[in-house]
Amino acid sequence: MHVLAISGSLRAGSSNTAVLEAARLLAPAGVAVSLYDGLAALPAFDPDVEESGDLPRAVRELRRRVAESDALMVCSPEYAHGFPGSLKNLLDWLVGSVDFPGTPVALVAASERSVHAQAQLAEVLRTMSARLVPAEAVVVPLPGRSTDAAAIAADARLAGVLRDVLAGLRHAAEE
């Protein structure tokens, strides 16, 4: 099984990206987690470009990676009570993808305070016909902003949360 992990943060040293990298480190046998690193390269969504069928290379690559994945894991920061525009742009490019509807998606938050962004993400993903697994965002309560992937994976409580998310995605992908 393959899980594509998408961070909503472009920041170097992002705690959201660290959570997804920790999930990659913790993936059980038979589960591969790969991090999508093309968020900054995506052009602004343009319905005319999408309708033309001549999609930019970065968009074709995004859609290819989603199509080749059994599930997605998304971890995003919250800015001004919402999720970043760059992540919304990525989702807009996936709306026209025939491979996205029905995809199991886990929303993971690196902060307990990220409630508005997670609620908005869940609403957008439900509208796009994603299967949220579980139905609400899972919080990986990091002890500090500078926590890296290895430290997250080494923490029994945080690792347990991520292992549960991966198990849920695996179960949903096998249904």
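No other residue among S146, S129, S97, S114 is among the hydroxyl-bearing types (S, T, Y) and touching a helix residue (DSSP H, G or I) at 6+ places or on another chain (Cβ under 6 Å) apart from S97.
If the condition is being out of contact with any strand residue (DSSP E or B) (no Cβ under 8 Å at 6 or more places or on another chain) and either over 16 Å from L169 (Cβ atoms) or assigned to a helix (DSSP H, G or I) (or both), then region 88-111 contributes K88, N89, L91, D92, W93, L94, V95, G96, S97, V98, D99, P101. Of all the residues in region 16-58, those that are surrounded by 22 or more Cβ atoms within 10 Å (Cβ to Cβ) and either touching a Lys or Arg at 6+ places or on another chain (Cβ under 6 Å) or polar (S, T, N, Q) (or both) number 3.
When restricted to residues that are in contact with a Ser or Thr (Cβ under 8 Å, 6 or more places away or on another chain) and assigned to a strand (DSSP E or B), region 129-150 contains 2. Only one residue in A122, A159 is more than 17 Å from Y36 (Cβ to Cβ) and either modelled with pLDDT under 95 or more than 15 Å from the chain's Cα centre (by Cα) (or both), so which one is that? Among A122, A159, only A159 is more than 17 Å from Y36 (Cβ to Cβ) and either modelled with pLDDT under 95 or more than 15 Å from the chain's Cα centre (by Cα) (or both). Considering the conditions (1) part of a loop (DSSP other than H, G, I, E, B); (2) in contact (Cβ under 8 Å) with a residue 40 or more places away in the chain; (3) surrounded by 14 or more Cβ atoms within 10 Å (Cβ to Cβ), G168 is excluded by exactly one of them, (1). Of all the criteria given as (1) more than 20 Å from L169 (Cβ to Cβ); (2) touching an Asp or Glu at 6+ places or on another chain (Cβ under 9 Å), the one not satisfied by T127 is (2).
Kindly indicate whether any position in region 88-100 is under 11 Å from the mean Cα position of the chain (by Cα), surrounded by 16 or more Cβ atoms within 10 Å (Cβ to Cβ) and not aromatic (F, W, Y). Spell out the reasoning first.
Filtering region 88-100 down to residues under 11 Å from the mean Cα position of the chain (by Cα) leaves 90-91.
Add one more test, that the residue is surrounded by 16 or more Cβ atoms within 10 Å (Cβ to Cβ), and what stays is 90-91.
Now drop any that are not not aromatic (F, W, Y), which leaves 90-91.
Yes, some residue in region 88-100 is under 11 Å from the mean Cα position of the chain (by Cα), surrounded by 16 or more Cβ atoms within 10 Å (Cβ to Cβ) and not aromatic (F, W, Y).
Of all residues in region 112-128, those satisfying the criterion of being assigned to a loop (DSSP other than H, G, I, E, B) and under 23 Å from A167 (Cβ atoms) are E112, S114. Of all the numbered requirements in (1) over 14 Å from the mean Cα position of the chain (by Cα); (2) in a loop (DSSP other than H, G, I, E, B), A153 misses one, and that requirement is (2).
The values are calculated or read from the model by the stated rules, or taken from the named source; none is laboratory data. All of these numbers come straight from a predicted model, not from anything done at the bench. Cβ atoms come from the backbone with ideal geometry, glycine included; neighbour counts cover every protein chain shown.
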